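Structure first, then comments.
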Amino acid sequence: MDAPIRVEGLGKRFRRYSKDRPWTLQEAALRGFRGLQAEDYFWALKDVSFDVPAGKMTGLVGRNGAGKSTLLSLVGGVGQPTEGRIHTHGQIGALIDLGAGFHPDLTGRENIFINGVISGLTRAEVARRFDSIVAFSELAGFIDSPYRTFSTGMRMRLAFSVAVHTDPDILLIDEVLAVGDMAFQRKCLERVDEFKGQGCAILLVSHDPNLVGELCDQALWLNEGHVVANGPAQAVAQQYAMKMQNETQRRTPASRAPVALANGGELRVNQNRFGSLEMEIDQVRLLNAERQPVERMQSGEALSVEMQYTLPAGLPAPIFGVSISREEGEVCFEASTAASGAQSPGSPGKGQVTLHIQRLDLVGGDYFVEIGAYKPDWSYAYDYHWHAYPLSVEPHLNEKGVLKPPQRWEWRAAPEDDTWEFEPKQSRA
Amino acid sequence: MQMTSGLLNKRRWVYLRDLLRELIGRDIKLRYKRSLLGIAWSLINPLAQLLVFSLIFSVVLPLNIPNYTTFLFTGLLAWNWFQTSLHAATGAIVDNRELIRRPGFPVTILPIVTVATNFIHFLLALPILLAFLLIGGIPLRTTILALPAIFVVQFLFTLSLSYFVATLHVTFRDTQYLLGIVLLLGFYLSPVFYDVGAIPQPYQALYRLNPMVVLIDAYRRILLRGQLPGALDLLALSLVSAGLLWLGYRIFIRASAQFAEEL
């Protein structure tokens, strides 16, 4: 059987117009219709070949402008390839630009119908699925209110619910899974997994290599329109993550005056500090529940990681990330503003961002809290502090493993008739 | 295999019908949700025009056309359908960029939606026209059964031009403004507030090259005079519209591959 998505030797050339290209007939006529032709061309994609078999998921990784979204659009039939061919079989569903097509003045109900039909369902099909769409979105109480009264989270839920109730043979996903609250995200991922189980071919665009490594079977790494690597998702995602590290190292300035840290340490570039330093994280404090700086804590206590930064004007709001790793380098915990869907205000000047961890259930031992600020497309770090903030988790008992969640042991004696029951007896004999 | 493709085609038609219905419904709902006056709003514009023109041409510059109000209203309604459709069609692509970027969305439906939406406004005003006819003592004759044929011809003609202006507006964003000027001139060159017969005989043939002349004249013959419209004129116009539609559609399709890039 043919793969639902097959791309052969695909190339896409875009036109670049001169800056003073006339955009009105008046100007064009005044200039004798000159300057209407593109003055330059560039290849957004070149020699791209791959296929996505039924029931498989392929990830597309690469920096912004690498051609991921162009590829996704072309597979969706938006625009024409300049060269090569795209074969698709079956109904195409898309989780791209989810809020599009929803109108603020119409109610949730009206929007579901319009969007369901725009997404490829007939009215009868939308009507049959209506209850299920509403149930999935968890918005039953608001469905007859105007869409404009919905919060951003509610809008995403509604859009996603409609999108996952089409029956696609091919599903195109563009970076949308990172939005919404965690519980809903989980639900969406499960739904995507279900589609896969039903034989849907899925193409996922993301610049988060972790997500691609975790979810996809295969991955394609694009750089400036060319395929850098194409293979098993884990391997490609790792290669891509390495590239990002190299890029960060390449951009790290050769020298910079050391910075004294509140914990007594020092930040030195190329030793424990990497990144382009286009913006800087000035101070980092590890705080306990009472907001006191700590370097030691009990397992299961709360921990806050507070970062003070300076964002120069003109730089887009960075992604902030925190991870906790062992001395040997094993990462035990990782969080980023991008993965949590936390929007940073992005206003230039000094700012402070804090990650609150309600319980840190790590086994006792010595750890480092690594912090970083990254370019919004993850292509390299602006500022990354490595092994600069030690954290000791007590008690040190040389336990193996990583986690130490709240736990207890329970003992029971064997009953006299020697039959075990799984549930404790309600009445005591 | 034959079976499934036949079924698929049937589903495709049902789907396109539903899509058309939802998109028209959206436009109409939005228009009326925003105004307190609701449906009446679509009638206020032609009625206001009617009031002004009938005052001017009955009192200030009397044209001495019998049943002038009804005569004028017929022309106004037909012209307004044409004009508002074209005006809306310039935005059909540019204002729907998220739909254009949607995988699998049939872009060619958008100009149809604008013409059809304005056709519905036209139909909503039609009862008022019929009321004017009855008040004016003009009997409804069986020729009224020919009306749908005129609707079809006007629909096709308007749609063919809509494909052109929608495509042009993507490249030149002042199309809407220039179209406004052309339509204003077209208004005076069409027999909206005067009679076709007022044009001197030597210029009649030239004058009738304007399709709106043929259409408005056809409406008046049917409604006011109980005559059947000139079959030859209408046939010629149908053929021209079909040709223009084919051409406009081709150009639109060719350009549509670029729409997503140009927006």
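We did not get these values from a lab; they are worked out from the coordinates using the rules stated. What you see is a predicted model; the values in this text were computed from it and never measured. Don't worry about glycine lacking a Cβ; one is built from the backbone with ideal geometry, like all the others, and counts go over all protein chains shown.
Averaging the sequence gap over all C-alpha pairs within less than 8 Å and six or more residues apart, then dividing by the number of residues, gives chain A a relative contact order of 14 percent. Seen from a random direction on average, the alpha-carbon convex hull of the range A:55-127 projects onto 7.1 square nanometres. Electrostatic bookkeeping for A:Glu278 treats Lys and Arg as +1 and Asp and Glu as -1; over the other residues with beta carbon under 11 Å from its beta carbon, the sum is 0. How much net charge surrounds A:Ile118 when only the other residues with a Cβ under 11 Å from the Cβ of A:Ile118 are counted, with Lys and Arg +1 and Asp and Glu -1? Cβ neighbours under 11 Å give a net charge of -1. Computed log10 I(q)/I(0) for the range A:5-243 at 0.08, 0.12, 0.14, 0.16 Å⁻¹: -0.37, -0.76, -0.95, -1.11, from the Debye equation with unit scatterers placed on every C-alpha and solvent omitted. Rounded to the nearest 20 debye, the dipole magnitude of the protein assembly as shown is 2960 debye, with +1 charges on Lys and Arg beta carbons, -1 on Asp and Glu beta carbons, and the Cα centre as origin. Label sites at B:Asn9 and B:Leu239, each approximated as a point 7 angstrom past Cα along Cα to Cβ, lie 2.9 nm apart. With Kirkwood's inverse mean 1/r over C-alpha pairs for Rh, give me the Rg to Rh ratio of the range A:151-297, two decimals please. A ratio of 1.09.
Membrane-span-like helices of chain A, defined as complete DSSP H segments with a Cα extent of 24 Å or more along the helix axis and a mean Kyte hydropathy of at least 1.0, are absent.
Largest first, the extents of the alpha carbon coordinates of chain B on the three principal axes equal 63, 44, 37 Å. Structural size metrics of the range A:261-407, computed from C-alpha coordinates, are Rg and Dmax of 15.3, 50 Å.
Short-range pairs are left out: with C-alpha atoms under 8 Å and at least six residues apart, the relative contact order of the range B:38-262 is 30 percent.
Annotation: the residues A:Asp193, B:Asp217, A:Asp217, sorted from fewest to most other C-beta atoms within 10 Å of their own C-beta, follow the order A:Asp193, A:Asp217, B:Asp217.
Among the chymotrypsin sites (Phe, Trp or Tyr not before Pro) within the range A:321-417, those in coil by DSSP and having at most 14 neighbouring Cβ atoms inside 10 Å are A:Trp409, A:Trp411. Note on chain A: lysine pairs with Cα distance below 26 Å, sequence gap of 8 or more or different chains, count 21. Site-free segments of chain A were taken between GluC sites (Glu not before Pro) in DSSP loops having at most 14 other Cβ atoms within 10 Å, sites themselves excluded; the longest one is A:40-289. Under the membrane-span-like helix rule (DSSP H runs whose alpha carbons stretch at least 30 Å along the helix axis, mean Kyte-Doolittle hydropathy 0.0 or higher), chain B yields B:68-94, B:109-135, B:147-171, B:231-262. Expressed in Å, the radius of gyration and Dmax of the Cα atoms of the protein assembly as shown are 33.4, 120.
Candidates A:Tyr147, A:Ala414, A:Pro253 compared by Cα position along the dipole of the protein assembly as shown: farthest toward the positive end lies A:Tyr147, with charges placed on Cβ.
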